[in-house]
Amino acid sequence: MSFVENNPLLKGHRGMLGSTLVFRQVNGRTVISARPKKRDKPTAHQLKTKAKFMLAVEYAKAQMSIPELKEIYKKAVNKNIPNAYTAALKDYLNAPVVDSINAKEYKGRVGDILFFHATDDFQVMSVTVEIRSAAGELLEKGEASERELHRNAWEYKATVDNTNLAGSVIVATAKDRAANSDTKEMVLS
């Protein structure tokens, strides 16, 4: 690999020269390197990535064929996302994340509130909450509601008494528009 500096002829040049040299721009510098060699056979990881990308393409095409959904994705267009198709593609490829579970106000009584923070590159559509006993028995399950005026914040109001709080598990699952999901658990002490 070679670096080219102070050469007005090559400054800013990028692409391939002949079939052996490749010019790239890295941190404002022109880098010259040998042409990368293509593998004869793709790796398992490459095949898996390609398959996921093909599913993302199918998803994005389907979203663009429905005018209402295309309009939703058009709202995400910005300097990094040039069009609605790219927004839908990106949405499919990136799952949401349950960032945190806050159980400070949960004392095991009906009406106690659990708070969740869930983010996505596009939109979290739902957060499902499960409360399990220390033995793993499902005590209750339901949908959290989005908190007004709090972006990415969700809350769930308990509907069942939980008399034995120690060891109980709170499970939160966030889903995005593309049906990707992320789950986080919290064990109460």
Original post:
Can you name the condition, by its number, that SER168 falls short on among (1) open to solvent by 20 Å² or more (accessible area, probe 1.4 Å); (2) in contact with a Gly (Cβ under 9 Å, 6 or more places away or on another chain)?
Top reply: (1)
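Here is a list: ALA178, ALA174. Which entry is surrounded by 17 or more Cβ atoms within 10 Å (Cβ to Cβ), assigned to a strand (DSSP E or B) and of a type outside the set (Ser, Thr, Tyr)? Give the steps one after another, and end with the answer.
Values: ALA178 fails: assigned to a strand (DSSP E or B).
Just a single option satisfies the conditions, and that option is ALA174.
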Original post:
Taking the range 57-83 as the region of interest, how many residues are under 17 Å from the mean Cα position of the chain (by Cα) and surrounded by 15 or more Cβ atoms within 10 Å (Cβ to Cβ)?
Top reply: 5
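Yes/no per residue for (1) part of a loop (DSSP other than H, G, I, E, B); (2) at pLDDT 85 or above; (3) more than 23 Å from VAL124 (Cα to Cα); (4) β-branched (Val, Ile, Thr):
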position: LEU9; (1), (2), (3), (4): yes, no, yes, no
position: VAL31; (1), (2), (3), (4): no, no, yes, yes
position: ARG39; (1), (2), (3), (4): yes, no, yes, no
position: GLN63; (1), (2), (3), (4): no, yes, no, no
position: ILE81; (1), (2), (3), (4): yes, yes, no, yes
**OP:** Search the range 103-120 for residues being open to solvent by 60 Å² or more (accessible area, probe 1.4 Å) and out of contact with any Asp or Glu (no Cβ under 7 Å at 6 or more places or on another chain), and hand back the single one that is nearest to LYS74 (Cα to Cα).
**Re:** LYS104
Original post:
Between residues in the range 74-98 that are over 13 Å from ASP176 (Cβ atoms) and residues that are among the β-branched types (Val, Ile, Thr) and in a loop (DSSP other than H, G, I, E, B), which pairs lie under 9 Å by C-beta distance while being six or more apart or on different chains?
Top reply: ASN83/VAL77; ALA84/VAL77; THR86/VAL77
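How about the range 135-159: which of its residues are charged (D, E, K, R), in a strand (DSSP E or B) and surrounded by fewer than 13 Cβ atoms within 10 Å (Cβ to Cβ)?
Residues of the range 135-159 that are charged (D, E, K, R), as a first pass: 137, 140-141, 143, 146-148, 151, 155, 157.
Next, only the ones that are in a strand (DSSP E or B) stay: 140-141, 143, 146, 155, 157.
Across the range 135-159, the qualifying residue is only GLU143.
Would you mention how many residues in the range 18-29 are touching a strand residue (DSSP E or B) at 6+ places or on another chain (Cβ under 7 Å) and either at pLDDT below 75 or open to solvent by less than 70 Å² (accessible area, probe 1.4 Å) (or both)? I'd like the intermediate steps shown before the answer.
The initial filter retains those residues of the range 18-29 that are touching a strand residue (DSSP E or B) at 6+ places or on another chain (Cβ under 7 Å), namely 20-24, 29.
Subsequent filtering for residues that are either at pLDDT below 75 or open to solvent by less than 70 Å² (accessible area, probe 1.4 Å) (or both) retains 21-23.
Total meeting the criteria: 3.
Does TYR92 count as of a type in the set (Ser, Thr, Tyr), closer than 30 Å to THR49 by Cα and open to solvent by less than 50 Å² (accessible area, probe 1.4 Å)? Write out each step before concluding.
Details: of a type in the set (Ser, Thr, Tyr): yes; closer than 30 Å to THR49 by Cα: yes; open to solvent by less than 50 Å² (accessible area, probe 1.4 Å): yes.
Here the answer is yes, as TYR92 does meet what is asked.
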Subject >> From THR49, THR163, residue being without any contact (Cβ under 8 Å) to a residue 60 or more places away in the chain, in a loop (DSSP other than H, G, I, E, B) and among the hydroxyl-bearing types (Ser, Thr, Tyr) >> reply: THR163
**OP:** Taking THR163 as the residue in question, decide whether it is more than 28 Å from the chain's Cα centre (by Cα) and loosely packed, with under 15 Cβ neighbours inside 10 Å.
**Re:** yes
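The values are calculated or read from the model by the stated rules, or taken from the named source; none is laboratory data. This structure is a prediction, so every number in the text was calculated from the model and none was measured. All Cβ positions, glycine included, derive from the backbone under ideal geometry; neighbour counts span all protein chains shown. Surface areas here come from the heavy atoms of the whole protein model, side chains and all, with no ligands, DNA or RNA. Shrake-Rupley method; radii C 1.70, N 1.55, O 1.52, S 1.80 Å.
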